[in-house]
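So the structure is just underneath, and the comments pick up after that.
Rule-based calculations on the coordinates, nothing more; no lab input. Owing to the predicted nature of the structure, the values given are computational and were not obtained by experimental measurement. Counting neighbours? That spans all protein chains shown, and the Cβs are built from the backbone with ideal geometry, glycine included.
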Amino acid sequence: MERYLTATQLAKKLRISRQAVIERIKRGKIKAIKVGRQYIIPGQGTPELKLSPGLPEKRHSKKGAKAEELLRLVKEKGVRTIQLWFVDILGTLKCISITAGELPEALKHGKGFDGSSVTGFAEAQESDIIARPDPHTFTILPWTKKDFPIGRMFCDILNPDGSPYAGDTREALKRILRHAGDMGFDFYVGPEIEYFYFKTDKKPEVLDEGSYFELIPNDIANNLRNRTVRTLEEMGIVVEASHHEVSPSQHEIDPKFSDALKTADNILTCRFVIKEIAQQQGVHATFMPKPIFGVNGTGMHLHQSLFRGKKNAFFDKKDKCSLSQAAKQFIAGQLKHAREICALTAQWVNSYKRLVAGFEAPVYISWGQRNRTALIRVPLYRPGNEKATRAELRCPDPACNPYLAFAVMLAAGLEGIEKRYKIPEPMEPNIYEMAMEERKRRGLHSLPGNLFEGIEETKKSALVRKTLGEHIFTRFILNKEREWEEYRIQITSHEIKKYLPVL
């Protein structure tokens, strides 16, 4: 006699939520019989019990064909060198260069390297790990086309047996994206990447005194930004807009929104290209969150949405804010875990010099529509437009590891949906101008005031630990504690100037 399971029983076996099982049944991925309002699942009709830890199925099916196509393209374009890109635990870009002759083997088996020399990766006794290139990410670096074209691909990091490596932050994002897929969602992100141009990397000496949206004739910084946009477009990254930002010599480039994994790859590409084009012209581009005292720092506002197929799951035309129940629960989840995930979205000591009142950066955990002092804003550029409905998280800065930032952001939002968190009332007044008593009355809490406070919140977070995995979680915390201790014992020029004459 065939054994049957309830949706709840199967959820326990698969270690996913009951709602995720229901979503799979509705999409035909699990065979089930509906009895009244309940589903029963034949015990032999649950292929999902053998879930693959690899890439999503739609990418597995094309992998061989994509590799063959890539090899033809490399030969046709005369590419002799291919850079294999990946990041360490902090999001710093790393590279292994191979020749075109080594590419077939690298696509099949990956390229081995010593992980003990990469921050947050392996210990000396477990140092042999593999970088396997993702052929979907291949592009040619435009500035190399004239002489000797160089290609690049992002890599997944593997153990020698081919299983995903526990320290790979790209894989950490993939895991939570698979969980979102089990719930029926695709996660999309659109970044606003801000940065500064300085004359050198020795001191923050600006190139211009421009302000928000200002057009300065024959300005080197505007020319650099425009050249960068054209280069990104050549690499397949669509740029929706670019402009001068609020502070002197500060600029912004906005790549078009895409699925979260592609967007994270694009952010790293943008950072590299912005610096490369600046360096070619003898200047320095930086993503340091707060390089100049007294002016706005550099942020990376992230516009987030969940889709079910081609439908924006955040949109509800009947709601006064055009937000669906899922959108409200997602926002509520991020608000609830905002302090815990802050060390991942604002991961440097300097990040917290930006997150202060009065400089258009969020300080208090709240949401609103028109309110740019809120942590999460629901933009009203196109009210009632389904595709334009999104939640803008304003605390991240562009110096973070985007894979880890996206992973914890998504995990917090999905928990809000799974546990049906209730969203608080929107906060539309300017929070900075509120009296302390008013903020207390409204129950407003602040983000961590410095990296140490952020680390302490993250250390207590079961959600972050589960999302990142024990390997990444412990090594990230250790690295940040070292950074804080190194910073804590420094004697700054401010202290010398203020205290030396009087103490």
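How many angstrom separate the Cα center of the range 341-408 from the Cα center of the range 178-229? Computed from Cα coordinates, the inter-centre distance equals 16 Å. Whole-Hz Karplus values for the range 398-411 come out as x, 8, 7, 7, x, 5, 6, 4, 4, 4, 6, 4, 5, 4 Hz, taken residue by residue from phi with 6.51 cos²θ - 1.76 cosθ + 1.60 and θ = phi - 60°; glycine and proline positions read x. By the count of neighbouring beta-carbon atoms within 10 Å, fewest first, GLU437, GLU415 end up ordered GLU437, GLU415. In terms of other Cβ atoms within 10 Å, ARG80, ARG377, ARG441 run from fewest to most in the order ARG441, ARG80, ARG377. Overall size of the range 313-503 from C-alpha positions, given as principal axis extents largest first: 63, 42, 28 Å. The length gained by stretching the chain between THR474 and ILE489 to full extension, at 0.36 nm per residue less their Cα-Cα distance, is 3.1 nm. Extension gain for LYS311-LYS419 works out to 36.6 nm (0.36 nm per residue, less the C-alpha to C-alpha distance).
A crude spin-label estimate for the pair LYS320 and ILE96, with each label 7 Å from Cα along the Cβ direction, gives 5.7 nm. Among SER351, SER258, a tally of other beta-carbon atoms within 10 Å of each Cβ gives an order, fewest to most, of SER258, SER351. Binning the C-alpha pair distances of the range 193-298 at 10 Å intervals from 0 yields a P(r) profile of 15, 51, 30, 4 %, listed from the shortest bin outward. In the chain, the DSSP-assigned H stretches of four residues or longer account for a calculated mean residue ellipticity at 222 nm of -11000 deg cm²/dmol, using -39500 (n - 2.57) per stretch and the full residue count as denominator.
Per the Debye formula with a single identical scatterer at each Cα and no solvent contribution, what log10 I(q)/I(0) holds for the chain at q = 0.09, 0.12, 0.13 Å⁻¹? The Cα Debye sum returns log10 ratios of -0.68, -1.22, -1.42. Annotation: amide H of GLY112 within the under-5 Å range of ALA131, sequence separation 5 or more or interchain, hydrogens built in the peptide plane.
The phi-based Karplus calculation (6.51 cos²θ - 1.76 cosθ + 1.60; θ = phi - 60°) puts the 3J(HN,Hα) values of the range 252-267 at 9, 10, 10, x, 5, 4, 8, 4, 4, 5, 5, 5, 4, 4, 5, 4 Hz, whole numbers, x for Gly and Pro.
Computed about the Cα centre, the dipole magnitude for the range 64-165 is approximately 660 debye when only Lys and Arg (+1) and Asp and Glu (-1) carry charge, each at its Cβ. Note on the range 377-418: Rg/Rh from Cα positions, Kirkwood definition for Rh, rounded to two decimals, is 1.04.
Near the amide H of PHE154, within less than 5 Å, lie the amide hydrogens of TRP85, ASP134, THR137, all on another chain or at least 5 residues away, with H placed in the peptide plane.
Using θ = phi - 60° and the Karplus relation 6.51 cos²θ - 1.76 cosθ + 1.60, list the HN-Hα couplings for the range 97-113 in order, rounded to whole Hz, with x at every Gly or Pro. Listing the rounded values in order: 9, 10, 8, 4, x, 8, 4, x, 5, 5, 5, 7, 10, x, 10, x, 7 Hz. Backbone amide hydrogens, once placed in the peptide plane, bring GLU392 within less than 5 Å of GLN304, ARG377, VAL378, excluding anything fewer than 5 places away on its chain.
Set the Cα radius of gyration of the range 64-165 against 2.2 N^0.38 Å, with N its number of residues, and you get 1.09. Look at the dipole of the chain built from charges on Cβ: of SER242, LEU323, TYR352, the Cα furthest out on the positive end belongs to LEU323. Farthest toward the positive end of the dipole of the chain, out of ALA7, THR298, ILE98, is the Cα of ALA7, where the dipole comes from beta carbon charges about the Cα centre. Each peptide in 102-114, 385-397, 328-340, 484-496 gets a packing score, the mean of other Cβ atoms within 10 Å over its residues, and the list from highest to lowest is 328-340, 385-397, 102-114, 484-496. If only the Cβ of Lys and Arg carry +1 and only the Cβ of Asp and Glu carry -1, the dipole of the chain around its Cα centre is close to 2200 debye. Full extension of the segment from LEU215 to LYS29, taken as 0.36 nm per residue of separation minus the current Cα-Cα distance, would add 61.6 nm. With the cut-off at 28 Å, tell me which of the pairs LYS77/LYS199; LYS256/LYS290; LYS174/LYS202; LYS108/LYS174; LYS66/LYS174; LYS75/LYS310 have Cα atoms farther apart than that. Distance filter (> 28 Å) returns LYS77/LYS199; LYS174/LYS202; LYS75/LYS310.
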